[in-house]
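Have a look at the structure below before the remarks.
The values are calculated or read from the model by the stated rules, or taken from the named source; none is laboratory data. Note that the coordinates shown come from a computational prediction; the quantities given were computed from them, not determined experimentally. Cβ coordinates were reconstructed from backbone atoms using ideal geometry, including for glycine residues, and neighbour counts include every protein chain displayed. Ligands, DNA and RNA are excluded from the accessible area calculation, which covers all protein heavy atoms including side chains. Shrake-Rupley method; radii C 1.70, N 1.55, O 1.52, S 1.80 Å.
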Amino acid sequence: MLMNDMGDNSRAQVWDRIWNRMAMLAGGIGGLLAFAGIAMLFSPGGSTGARLAGLAPVAVGGLAILAAVRAHRTRSRKLMALAFVCVLGGGALTGILQGLTA
């Protein structure tokens, strides 16, 4: 029987990798949302109201990044859930806003 003395696949390390990857996913998509909101602010041909509506995805994306970082540091399930809710809601919000301004 082979024994893994290095401890590379211990439960704690597996959960560390899972938390790291979840935080990276939520934070990365939150960054993309923030970038989409900034692009909406500077897009030509839109009205002033449509451009100012681009601040909403920036705020939601920033909140998703902040929640993902805090959830990774504290291992808080509630904060990780908040990060993913912000990502999903912000994606829907961005799609709706781009559909209205097109």
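With respect to the chain, whose longest principal axis is taken over its alpha-carbon atoms, helix 77-101 is tilted by about 30°. Here the gap between Arg73 and Ser10, fully extended at 0.36 nm per residue and compared with their Cα-Cα distance, gives a gain of 20.7 nm.
When the chain is fully extended, how far beyond the present Cα-Cα distance does Ala39 get from Met22, taking 0.36 nm per residue of separation? Separation in residues times 0.36 nm, less the Cα-Cα distance, equals 3.6 nm. Accessible area per residue for the chain, computed on protein heavy atoms with a 1.4 Å probe, is 68 Å². Dividing the summed helix terms, -39500 (n - 2.57) for each DSSP H run of n ≥ 4, by the number of residues in the chain produces a 222 nm estimate of -28000 deg cm²/dmol to the nearest 500. Taking only protein heavy atoms and a 1.4 Å probe, the accessible area of the chain is 68% carbon and sulfur.
Among the listed values (1) -0.50, -1.24, -1.35; (2) -0.79, -1.10, -1.14; (3) -0.58, -0.98, -1.03, the one matching log10 I(q)/I(0) by the Debye sum over Cα atoms at q = 0.14, 0.22, 0.23 Å⁻¹ as calculated from this structure is (3). Here each label is just a point 7 Å from Cα along the line to Cβ, and for Ala92 and Arg51 those points are 2.9 nm apart.
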